[in-house]
Amino acid sequence: MQIFQVSTLYGAATLAAALDAGQFGPAAEARRVLLLTNNAAVPEVASRLSDMTGYQEIAARFDQVEDYNEAIAPHHPAGWQPRPDDAPLWERVLRTRWGLGTGPVTLVVESIQVSPARSLAAVFAGAPVHVYADGLMSYGPTREEPPHSVAVRVQRLLHLDLVPGLRPLLLSEFGVEPEIVPHDAFRAVLAELSLAAADDAEVARAAEAAPTALLLGQYLAALGILTDQEEEDLHVRMLRAAAAAGHESVAFKPHPTAPVRCSEALEREAAAAGVRLTVLGGTLLAEAFYARLPLKLVVGCFSTAMLTAAVYHGIPVARVGTRTVLGELTPHENSNRVPLVIVDHVVADLELGSTSPLPEAPPTLQPLLAAVGYCMQPARYPWLRTAAERLLSQTAQDPDADRDGRYAAYFATERLTELELPGGRKRHAPLLRQALSRGRRERASQA
């Protein structure tokens, strides 16, 4: 029995490609359960995965579909963790509810360090675990350490090769080996999603406008990274840069959870710039439009969909505001740091008049991410300190190494100081010793 936990259509597409590529063995050898989880803050009012265009085509690969939210109600899937003493009881409940029988179970989950994946691993305590990643965060460190009893059961990390040549850091501290989901398999699934959207009214409306540039919204305000106003300003910057690059018809794909007003500022800016703006709604992934529109450019901040456009469709991409968001990101451990650094490093800045073809990992990227990963999680990756010291020393010693200020954006001075790494502020050790000595003398005189 294989249980595949998914919360996004993009993640489901990743799993479908892995299944098609035979990475989970022949279909006849195991019963496959698609387990849907809705991790939105208020799942009852959020878009349902099962309502998205292309879902039915992906779900057809599985023998049965179950709803995790319904099974554990009224608990929230992102916050619920069974008590250790209750885990065996929950296993019996879920096995009965989903008709799993008493045989062995294999779990295929996303984000094993947090629930719902972590809860499933606790309930099915003896099950081997396969982790899949559907975005750029797989190249960064594990943000929260899973229990040792779970970590030792992780068999592999399946991931898309979004930055060809780059090796993921996620779960490497446990010796978990990454395994690439083949390009051809994922490209075929994307084509399947595009075909499913062929008769969609939203696609037809967008095609009529014939946009040559697509802007991607991420709704960063929901994550507390930007304010609502700052995010609106970011989208406006994207449109201005696209217009300056000569695009007269532009489409905007807001994040599915974005409020309606998020496109109002864009509409005003488009009218002022004389640009035709088409706001894409509906239940479609941004990727569903790539093969249906005459796109010559995809613009984003650090969205995974940018890399998908370049790697799987050959559409040039460009970034806007990446460095701005990087400067606002807190705390330093925030997992969005790695996607931001990657995009800033391999994708051209549209506001400087540049675009990028298929991004490849330059020789500097792997050691850079080792240094960034160490600064984010030094206790978890102590062996990366040498790489961090080497890179930061080179940067500190070469006045031309950071001419555009990118390394200053990647590494906060306060963090480097805290970790006593090159580039941090000098600590005044003699003065500190003097202060401590003076304090001891004062306490001795008072005794």
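Each reported figure results from applying straightforward, stated rules to the coordinates on display, with no laboratory input. Just so we're clear, the structure is a prediction, and the values are computed from it rather than from any experiment. Glycine gets a Cβ as well: all are built from the backbone with ideal geometry, and neighbour counts include every protein chain shown.
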Per 10 angstrom bin, beginning at 0 and ending with the bin that holds the maximum distance, the Cα pairs of region 215-292 fall in percents of 18, 52, 29, 1
So what are the ³J(HN,Hα) numbers for region 265-277, from phi and the Karplus equation (6.51, -1.76, 1.60; θ = phi - 60°), rounded to whole Hz, Gly and Pro as x?
-> 5, 5, 5, 5, 5, 5, 4, 5, 8, x, 9, 7, 10
Over all directions, region 2-187 yields a Cα convex hull whose mean projected area in nm² is 10.4 nm²
How much FRET efficiency would the formula 1/(1 + (r/R0)^6) give for Lys426 and Glu179, where r is the Cβ-Cβ distance and R0 is 45 Å, rounded to 0.05?
-> 0.50
Measuring from its Cα centre, region 201-352 shows a charge dipole (+1 at each Lys and Arg Cβ, -1 at each Asp and Glu Cβ) which, in debye to the nearest 20, is 380 debye
Hypothetical label at Glu264: residues of region 222-243 whose amide nitrogen lies under 18 Å (7 Å Cα-Cβ projection) = 222, 227-237
Residues of region 324-338 with amide N under 14 Å of the 7 Å Cα→Cβ point at Glu230 | 324-332, 337
Listed residues Ala396, Ala388, Ala21; largest mean-square fluctuation, Gaussian network over the chain with Cα springs below 10 Å, found at Ala396
Which value, in Å³ per residue, describes the convex hull spanned by the Cα atoms of the chain?
-> 182 Å³
Would you mind computing, in nm to one decimal, how far apart the modelled labels at Ser47 and Val65 are, each placed 7 Å from Cα along Cα→Cβ?
-> 1.6 nm
As a check on your grasp of the helix formula, calculate [θ] at 222 nm for the chain: sum -39500 (n - 2.57) over DSSP H runs of n ≥ 4, divide by the residue count, round to the nearest 500.
-> -11500 deg cm²/dmol
Taking the Cα centre of region 238-344 as the origin and placing charges on Cβ (Lys, Arg +1; Asp, Glu -1), which of His255, Thr278, Asn334 is farthest toward the positive end of the dipole?
-> Thr278
Comparing Pro147, Pro357, Pro254, which has the greatest mean-square fluctuation in the GNM of the chain with Cα pairs linked when under 10 Å apart?
-> Pro147
Expressed as a rounded percentage, what relative contact order does region 2-187 have, with Cα pairs under 8 Å and six or more residues apart?
-> 22 percent
Calculated from backbone phi, Karplus (6.51, -1.76, 1.60) coupling profile of region 301-309 in Hz, x at Gly/Pro | 9, 8, 5, 4, 4, 5, 5, 4, 4
Projected onto the charge dipole of the chain (+1 at Lys/Arg Cβ, -1 at Asp/Glu Cβ, origin at the Cα centre), which of Thr308, Val45, Ala133 gives the Cα projection farthest towards the positive end?
-> Ala133
Taking Cα pairs under 8 Å and at least six residues apart, what relative contact order does the chain come out at, in percent?
-> 12 percent
Using the alpha carbon gyration tensor of region 357-421, what are the three equivalent-ellipsoid semi-axes (square root of 5 times each eigenvalue), largest first, in whole Å?
-> 19, 16, 11
GNM result for the chain, Cα springs below 10 Å: residue of Thr212, Thr322, Thr364 fluctuating most strongly | Thr364
